[in-house]
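None of the figures in this text is laboratory data; all of them are computed from the coordinates on show. Remember, predicted model here, so these are calculated numbers, not experimental data. Quick reminder, even Gly has a Cβ in these numbers, built from the backbone with ideal geometry, and neighbours come from all protein chains shown.
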Amino acid sequence: MGEIHPAIPLLCVCGNHDVGNRPTASSVEAFKKDFGDDYFVFWIDKMKGIVLNTNLYFDPSAVRDIQTCARSLLYKQQVRMNHLLSGREKMSS
């Protein structure tokens, strides 16, 4: 990261590799206890970021309810972005 120009802002996000490719409710909770939410939305100035726990999509068999919540968040963000792009909604933080 030392080669990245200092004018470029960075946001480091903890990875969810310790929940494995087959997450369970307890492994996701352990991750969240140590690092915080495993999927979320954030704004930095006018840039919107979306962080997803991609392991919920690799093998969601033991975490369908968690995956459903993550998908709902992603869907809501997609709908909101469509509204922003169409001019039906103003950008806010």
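Only lysine pairs 8 or more places apart, or on different chains, with alpha-carbon atoms under 17 angstrom apart are counted in the chain, and they number 4. Of the trypsin sites (Lys or Arg not before Pro) in the range 3-52, the ones in a loop by DSSP (not H, G, I, E or B) with at most 16 other beta carbons within 10 Å are K46. Scanning residues 5 or more positions from Y39 or on other chains, none has an amide H under 5 Å from its amide H, with H placed 1.01 Å from N in the peptide plane.
Matching the structure-derived Cα Rg over 2.2 N^0.38 Å against the labelled list (1) 1.01; (2) 1.28; (3) 3.00 gives the label (2). Between F40, F58, F31, the Gaussian network model of the chain with springs among Cα atoms under 10 angstrom shows the greatest mean-square fluctuation at F58.
The string of couplings for the range 53-59 from the Karplus curve (6.51, -1.76, 1.60, θ = phi - 60°) is 8, 5, 5, 5, 9, 5, 8 Hz, one whole number per residue in order, with x for Gly and Pro. Lys and Arg at +1, Asp and Glu at -1: add these up for the other residues within a Cβ distance under 10 Å of P60 and post the number. Taking every other residue near P60 into account, the sum is +1.
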